[in-house]
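Below is one structure; the comments refer to it alone.
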Amino acid sequence: MDCCKVGKLILTLRQEKGMTQKALADAMNISDRTISKWERGVGCPDVSLLRGLSDILEVDVEKILSGDLRPNDIDRGNMKKIKFYVCPDCGNILFCTGDNEISCCGRRLTPLVPQDEDSYHRIHVDEIENDYYVTLEHEMSKQHYITFAAYVTSDRVLLMKLYPEQAAEIRFPVMHKGELYVCCNKHGLIKKLKNCK
Ligand SMILES: [Zn+2]
Ligand SMILES: [Zn+2]
C-alpha cells in the first residue's frame, strides 16, 4: 500500500462527499487525528477499517488500496461500444458503454458477443407510420424465445423486453441512424447487418 497515494485518494473522496475529517472520523468511530494522518500519508488505514471506509466513501476496497480512481476507459460514453449482459441467474438485462465490471447475483458477467443474422434469426424491418416494425420468424416457446430487442443510436438505447408466448414482433419509433439487436435465450445476441435508416 502506497500511503501517500491512498491518503490523497481518501482526501479527494472525502471532499467530494462534503465531509469534514471529523465527520468521517465520527462515522467510522475513530479519531479525526487518524484521518489527518492518512491524508498526510503518514500512515495507512488498518485493514479492519477498509470495509467501513469503502462503504462511507462508496468505492471498492481495491480502489482504496490502489490509491487510484482513474476512469476505466476515457471512451466510456461511446454508444458504438455498447455491450449487453444477461444474468444467467435472474435474467436481468444490463448494458454499458465502457470497460466496466458488471455483476449480478454475485457473479461477474461477460458481455454477449453479437453474431450475424442467420436464416432462423433473420430480422425483418418494415416502416409503418412512424414506427419500425421489427419481426422475426422465431419461435417464442418457454424453451427458446427472443428475450429482448434493442435499438441503439448515438444518443439513446431503446430496450424492449419480450416474453414467451408473445409474438416475435417489436415496434420502435423511427429514429435516426441506429443499430438493431435482438437476443435469443439459446443463441445469444444477434445484430442486424444492415443498419436501419
Ligand atoms: Zn442476476
Ligand atoms: Zn434462437
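Summary table below
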read-out	value
Cα point-scatterer Debye curve for the chain, base-10 log of I(q)/I(0) at q = 0.12, 0.13 Å⁻¹	-0.72, -0.77
Under the Karplus curve 6.51 cos²θ - 1.76 cosθ + 1.60, θ = phi - 60°, whole-Hz ³J(HN,Hα) for region 82-91, x wherever Gly or Pro sits	4, 10, 10, 9, 10, 6, x, 8, 10, x
Sequence-distant residues sharing a close amide H with Cys184 (under 5 Å, placed H)	Thr147, Leu189, Ile190
Residue order, fewest to most beta carbons within 10 Å, for Tyr132, Tyr120	Tyr120, Tyr132
Loop GluC sites (Glu not before Pro), region 1-107, which have at most 14 other Cβ atoms in a 10 Å radius of their Cβ (DSSP)	Glu58, Glu101
Sequence-separation-based contact order of the chain, relative, with Cα cut under 8 Å and 6+ spacing, percent	15
Order of Lys5, Lys186 - criterion: other Cβ atoms within 10 Å of each residue's Cβ, fewest first	Lys186, Lys5
Phi-based couplings in Hz for region 44-56 (Karplus 6.51, -1.76, 1.60; Gly and Pro marked x)	9, x, 5, 3, 5, 9, 5, 4, x, 4, 5, 5, 6
Amide proton proximity set for Cys96, modelled H, under 5 Å, gap of 5+	Lys83
Centroid-to-centroid separation of region 153-196 and region 18-87 [C-alpha atoms, Å]	38
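No lab work stands behind these numbers, since they all come straight from the coordinates. Since this is a predicted model, take the numbers as computed values, not measurements. All Cβ positions, glycine included, derive from the backbone under ideal geometry; neighbour counts span all protein chains shown.
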